[in-house]
Structures are given as C-alpha cells and as structure tokens.
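Right, one structure below, let's go through it.
Computed from the coordinates by the stated procedures, all read-outs in this text should not be read as laboratory data. Bear in mind the structure is a predicted one, so any value in this text is a computation, not a measurement. Glycine gets a Cβ as well: all are built from the backbone with ideal geometry, and neighbour counts include every protein chain shown.
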Amino acid sequence: MTGYVDNFQRQIQQPTIIEQSSSRKIVSIIKYLILFLTTVCLILEIITIIIGASIGNIFAEFSMFLDRSYHSLTQFIIVLGIIMLLIVLYGCVGIMLESMTIINIYIIVYSVTIVMEIIIVVTAYSMVDNADSMLKERMKHAFLEFYNDRGAQRSINHTQQRLQCCGFDSYSDWYSWPHHEDFESSIPVSCFPSPHYEIPFQIGCFGRLSELITHSLNIIGSGTLISIIFQVICLISAIVFLLQLKNYRKETVSQSTNNGNSTNSAAVSSIFGLETIPEEKTPI
C-alpha cells in the first residue's frame, strides 16, 4: 500500500517539477538579458555626464555671450545623469536579488527621470533655433564696448584667439568701429595668429561661435535621445521581468498547494479505498 501511494505522488509531482524548471529558465534568461541592457544604460549614463561636463566647460568659456539657461542646461544634465546612474545601480541590485519591491520602485523612479530627459531634448533643440538671435545681440554689444569694458575686451580677445576669428562678420568690421587712442592698430592683436603676422583671421567670430554652440546643443539633444531609447528598452524589459517573476511565484505557490492537496487525497484514498472486505463463500 505504501508503494502505491509513493508511485501516485511521483506521477503527480513529475509534471509539476518540469513546469517549475521551464518557468525558472525563462525567468533566468530575462534576468540576464536585462542585466546586460542595464549595463549598457549604465555606460550611456556615464557618457552623458562626461558630455554634459565637457559642453559645460565650452559654454563657460563664452559665458559673456550666452544666457544663463545654457549653463543651467548642462548643470541639469550632469545632476540628472548622476541620479540616473544611482537609479540604474539600484535597479541592478533589485534584478539580481529578484526583489519585486525594489524593481517596482526602480520602474516608477526610472520612468520619471526618462520624462525629465525628454524635456532636456526638447529644450536643447529649441535653444538651437534661438541661439543665433541671442548671439547676434550679445556679441554686437560686446564688440562695440571693446574699448570701454575690460570684461568685454577679455572675452573678445579670448574668443578671437580660441576660435581663430576676427570681428563680428570679418576683420574689416574693426575699421568701421570707433578706434581708441591707446591702441596702435584698429585691429586687436588677438586677431592675428602671431604678433609678427600681418594677416588677420579671415572668418568672423559670429559664424564660428554660432556653429560651435549649435553643434554642442545638437550633441546634447541627439546624445540624450539615444540614451532615452536604450532606457525605454531597459524599462520595458524590467516590466516584462517583473510580470514573469510574479507569474513564476504564483505558479510555485499554487503548485505547492496542489501537491499538498494531492498528497492528502492519495493518503485518504489509500486508507479507505484499498481495504476491501473479502466475500465469504457459502458451502454447497
């Protein structure tokens, strides 16, 4: 009777073990796939922080010609990149531990930060459209104040040497502006590659600086957009993993409950169903 019960239990538990093993494999595959994608997002966040810091230094060099919003944008990118980096690390821990609570928090917070990055992309591309009008106004004012404002003089000299440019549109602009008596020439020394050269830079500073600022903003917009695409993939993968993990745990609980009920019913049937009363033969 004991052997019959054991065989009956093994027949019930064998399909259950196979189902649990296949579900466990699916969860493990999704888990390691998400860890790979999360590692990619981690690298992208580090690159985003580096880009934000590099472009922030560029904007700082030409701060006199830029609005405060340009500096705020790069600072926001750096801060948000650090926050995203911590969130991704937090998500990696939750995925490795298979903690549904940590993964839920990770998904919610990560979604909010992705929305913030979308705002960065929109802001960067809108700044591209307004960059020329802002630069034109600020640079013209600085060139006209070159002989009266020490700050404007330092900024323009730095810009002309850094970008190898001269004047607003070209070096001939210096001849049309009022010349100061303290300067030997109408064209500043910063317009020349070397003090001994007589030919100034031929390209104007407005075009050079406009190109640099526009290129920097496009890098911010396109780089952040690429990062968002990978982040959305990581987010969707995390949601899929969470749902699969929930289903796996529900199946494990229900199957263990069914196994317990099957064992009890087998034991009851073995007690009451196998003990039959033999029939008595009546002698003829």
Original post:
Rounded to the nearest 0.05, what FRET efficiency do Asp67 and Ile43 have when you use their Cβ-Cβ distance and R0 = 22 Å?
Top reply: 0.10
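Can you check what the net charge comes to around Met100, using other residues whose Cβ is under 12 Å from the Cβ of Met100 (Lys, Arg +1; Asp, Glu -1)?
Charge balance in the 12 Å sphere: +2.
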Original post:
If you take the beta carbon distance between His158 and Phe76 as r and set R0 to 30 Å, what does 1/(1 + (r/R0)^6) give as a FRET efficiency, to the nearest 0.05?
Top reply: 0.70
Subject >> Full-stretch length increase - Tyr90, Ser111 - with 0.36 nm per residue and alpha-carbon distance subtracted >> reply: 6.2 nm
Original post:
Taking neighbour Cβ counts within 10 Å as the exposure measure, how do Arg154, Arg68 sort from fewest upward?
Top reply: Arg68, Arg154
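What is the gain in length, in nm to one decimal, between Leu97 and Asn247 on full extension, counting 0.36 nm per residue of separation less the C-alpha to C-alpha distance? Could the numbers behind the result be given before it?
Values: separation 150, 0.36 × 150 = 54.00 nm, distance 1.67 nm.
Between Leu97 and Asn247, full extension yields an extra 52.3 nm.
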Original post:
Listing Lys136, Lys246, Lys31 from the residue with the fewest other Cβ atoms within 10 Å to the one with the most, what is the order?
Top reply: Lys246, Lys136, Lys31
